Amino acid sequence: MTIGGRAVAAPATFGVVNPATGEVADRAPDASREQLDAAMAAARDAYPAWRSDEQARRKALLAAADVLFARSEEIGRILTLEQGKPLAEATMEVVGAGVWLKYYAELELAPEVIQDDAAARVEVHRRPLGVVAAITPWNYPLLLAAWKIAPALVAGNTLVLKPSPYTPLSSLKLGEVLRDVLPPGVLNVVSGGDDLGAWMTSHPVPRKVSFTGSVATGKRVAASAAPDLKRVTLELGGNDAAILLDDVDPAAVADRVFGAAFMNNGQVCSAIKRVYVPEALHGDVVEALAAKARGVKVGDGFTEGVQYGPVNNRPQFERVGELVADALAGGARAAAGGGPVDGPGYFFEPTILTDVSPDARIVVEEQFGPALPVLPYRDVDEAVAQANGTEFGLSGSVWSADADRAGEVAARLECGTAWVNTHLALAPHQPFGGFKWSGVGVENGPWGLYGFTELQVLHRSKG
Ligand code: NAD
């Protein structure tokens with residue numbers, strides 16, 4: 001672990017499984033409560049100096065980005081080992097983390113002058129909060145950590161990061177490689193189980209919790225942060241709908257929809273998780289998606305040419321299998337895939353489901369894996385109602401040859417990002433967050449940065 005700029009071992013360790021084999025590949029430190037206290041104390045002690053020198057912060061973040069660019073493949077290998085994604089994607093994730101650090105290192109954070117007259121000069125400043133507790137999931141451990149680290153640090157906060165117990169190694173490595181470019185205590189990385197996350201959210205030192213994970217845990221985090229009014233940003237689950245309008249080209253759109261549904265093996269919060277297709281096009285779209293699913297290469301992320309790795313962990317693997325089996329038992333048909341791949345590891349066939357009941361669990365719940373239900377609709381109002389008829393509200397998309405028409409439908413989606421003729425187009429400058437149970441607050445862009453600050457009014461009387 002990285003605590004106060006030093007390498008720290010824990011009294012105990014836990015196994016980290018390679019999902020391509022199902023075997024323990026390495027061990028990670030299981031931080032004690034005292035070690036969490038030490039990490040929080042290190043972050044608190046580093047805060048006054050860090051918050052006072054904006055230029056030094058920007059320089060350090062640029063240097064941190066360069067370290068990630070230079071060591072992307074080395075760190076990417078660790079990510080593939082514990083997460084399962086193909087090495088090229090893992091390496092790109094490390095590069096992406098660097099891109100986010102660089103973006104925020106260069107983002108202006110100027111005060112706004114809202115009055116300057118004979119009576120007063122009034123400026124609105126954004127001040128850092130103090131220590132941030134950052135908790136991340138296992139699907140994009142490094143990218144999602146960077147979404148927190150970059151804005152939090154550039155704003156002048158210091159941070160303690162806890163990765164998921166399924167993917168701790170790459171984040172521990174991140175802490176290690178950044179020790180030389182960040183002052184001690186500015187970025188601390190600890191690992192452990194879910195308990196460690198709960199200790200963090202109830203710990204007296206952090207002023208802010210930035211959490212990415214499931215809705216159920218997000219609610220616990222919000223409750224745990226409430227007694228001392230810690231600020232929270234919650235990036236939670238999604239059940240994104242893609243609505244195809246009646247003028248799409250089935251083959252072309254299926255290609256794009258497949259990409260956005262199966263990226264990272266469907267383990268993306270804002271992946272397409274259900275597709276609504278006009279009745280007349282439904283058969284063609286199902287067949288085009290199924291052909292795509294049958295044609296992709298699934299395997300160990302270290303094998304050249306593999307496009308999709310295993311599901312990350314056993315509970316998730318079993319959950320995807322359970323949701324698919326439930327749909328099939330309820331009358332659905334697998335146009336492609338339909339079950340786990342024989343052999344070791346958590347491999348699941350890319351699955352396209354048709355004839356799925358709109359109430360099936362795989363439609364209503366977040367599957368977060370390589371299985372996609374394709375549902376027919378009669379009129380657009382019905383499709384919009386179904387897309388919105390959920391507690392989730394992360395993102396969604398509408399596809400059409402007429403972008404204006406699609407834009408009008410997209411505007412009716414109750415979600416944080418509504419895409420037209422694309423899905424999963426994310427960028428550092430574009431805010432990202434969820435409506436309803438998909439989250440509180442946003443990440444990315446200046447808005448994401450504001451989430452790591454408190455407004456301060458500096459009112460100078462001239463009277
Ligand atoms: P999870 O909620 O099980 O775990 C997330 C993190 O929270 C882990 O680090 C875990 O150890 C920690 N944790 C568990 N219990 C805790 C507690 N009581 N207090 C504090 N921390 C605790 O989620 P997961 O299974 O790792 O990730 C998958 C979920 O994350 C999916 O629902 C997915 O949609 C969501 N997700 C959302 C976004 C987004 O930006 N909206 C991005 C990626 C993933």
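The values are calculated or read from the model by the stated rules, or taken from the named source; none is laboratory data. The structure displayed is predicted, hence computed values, not measured ones. All Cβ positions, even for glycine, are placed from backbone atoms using ideal geometry, and neighbour counts span all protein chains on display. Accessible surface is based on the protein model in full, side chains and every heavy atom, while ligands, DNA and RNA are left aside. Shrake-Rupley method; radii C 1.70, N 1.55, O 1.52, S 1.80 Å.
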**Request:** Inspect the stretch 389-401 for any residue being of a type outside the set (S, T, N, Q), outside any loop (DSSP other than H, G, I, E, B) and farther than 22 Å from residue 266 by Cβ and give the result as yes or no.
**Result:** no
**Request:** Could you tell me whether any residue of the stretch 39-52 is acidic (Asp, Glu) and within 21 Å of residue 133 (Cα to Cα)?
**Result:** yes
**Request:** Might you check whether a residue that is out of contact with any Phe, Trp or Tyr (no Cβ under 6 Å at 6 or more places or on another chain), crowded, with 24+ Cβ neighbours inside 10 Å and free of Cβ contacts under 8 Å to residues at least 40 places away in the same chain occurs anywhere in the stretch 259-271?
**Result:** no
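Quick grid of which residues meet (1) within 24 Å of residue 321 (Cβ to Cβ); (2) more than 15 Å from the ligand (Cβ to nearest atom):
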position	(1), (2)
360	yes, yes
366	yes, no
405	no, yes
409	no, yes
412	no, yes
**Request:** Assess whether residue 290 counts as being over 24 Å from the mean Cα position of the chain (by Cα), farther than 22 Å from residue 389 by Cβ, in contact (Cβ under 8 Å) with a residue 24 or more places away in the chain and away from the ligand (no atom under 11 Å from the Cβ).
**Result:** yes
**Message:** I need every pair where a residue in the stretch 324-340 that is in contact (Cβ under 8 Å) with a residue 40 or more places away in the chain has its Cβ under 9 Å from the Cβ of a residue that is crowded, with 19+ Cβ neighbours inside 10 Å and among the hydroxyl-bearing types (Ser, Thr, Tyr), sequence separation at least 6 or different chains.
**Reply:** 324/351; 332/354; 335/351; 335/354; 336/351; 337/351
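Residue-wise test of (1) touching a strand residue (DSSP E or B) at 6+ places or on another chain (Cβ under 7 Å); (2) assigned to a helix (DSSP H, G or I); (3) open to solvent by 30 Å² or more (accessible area, probe 1.4 Å).
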{"site": "45", "(1), (2), (3)": "no, yes, yes"}
{"site": "50", "(1), (2), (3)": "yes, yes, no"}
{"site": "74", "(1), (2), (3)": "no, yes, yes"}
{"site": "94", "(1), (2), (3)": "no, yes, no"}
**Request:** Check residue 444 against each of (1) open to solvent by 70 Å² or more (accessible area, probe 1.4 Å); (2) touching a strand residue (DSSP E or B) at 6+ places or on another chain (Cβ under 9 Å); (3) within 14 Å of the ligand (Cβ to nearest atom) and name the one condition it does not meet.
**Result:** (1)
**Where residue 226 falls short, out of the listed (1) outside the structural domain of residue 205 (by TED's automatic domain parsing); (2) within 15 Å of the ligand (Cβ to nearest atom); (3) open to solvent by 10 Å² or more (accessible area, probe 1.4 Å)** = (1)
**Item:** Out of 178, 143, 81, sole residue that is of a type in the set (A, V, I, L, M) and either modelled with pLDDT under 95 or within 16 Å of the ligand (Cβ to nearest atom) (or both)
**Value:** 143
